[in-house]
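Below: one structure, written as structure tokens.
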Amino acid sequence: MKKLFFIIASLTLATCGCNGGSGPEPTDTPQISLSSEQLEFGFIAQSGTLKVTSDREWGVASDQEWCTTSPTGGLEGQTTLTVNVTDNRSGKDRTCILSFRSGNYKKELTLLQHLNPADTTTVVDPGVEVPAGYKLVWRGEFDKL
């Protein structure tokens, strides 16, 4: 009788213990949407905002030191991201890629910062460059005889 009870109890536990899964199935790909697909800034240091909406936890990284974000990530739902850029003294337009990641999913946003027109150079004659805003007064010392 004890053996029969043990066998019935074991079979009952074995068949009732499996429910076919280990919980809700996660969606295949995380979803990250941005309020803009590209950001543009002038040449001065400034900040801009971007709305990030995601169905999972996410993080963001910049590929340039002159471009930073705050915060560097967020949770499920909508987050306002602040993007900061420093003065552009490079003499040319520059770009930065912001990479948003959630798990194995990656989404990129391109940021463009325009040059400062005052930082461009003007050619007076071949071989002599004078920065904008400056005037060439004397160059005899540097001419070859």
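Table for the structure above
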| quantity | calculated |
| --- | --- |
| Gained length - residue 51 relative to residue 80, 0.36 nm times residue gap less alpha-carbon distance | 10.0 nm |
| Residue-count net charge about residue 112 - beta-carbon cut-off 14 Å; Lys, Arg +1, Asp, Glu -1 | -3 |
| Spacing of the two label points (7 Å from each Cα toward its C-beta) at residue 118 and residue 134, in nm | 1.5 |
| Estimated FRET transfer efficiency when R0 is 25 angstrom, pair residue 92-residue 33 (beta carbons, to 0.05) | 0.20 |
| Set of the stretch 38-57 residues, backbone N closer than 18 Å to the point 7 Å along the Cα-Cβ line of residue 68 | 44-50 |
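Rule-based calculations on the coordinates, nothing more; no lab input. Remember, predicted model here, so these are calculated numbers, not experimental data. All Cβ positions, even for glycine, are placed from backbone atoms using ideal geometry, and neighbour counts span all protein chains on display.
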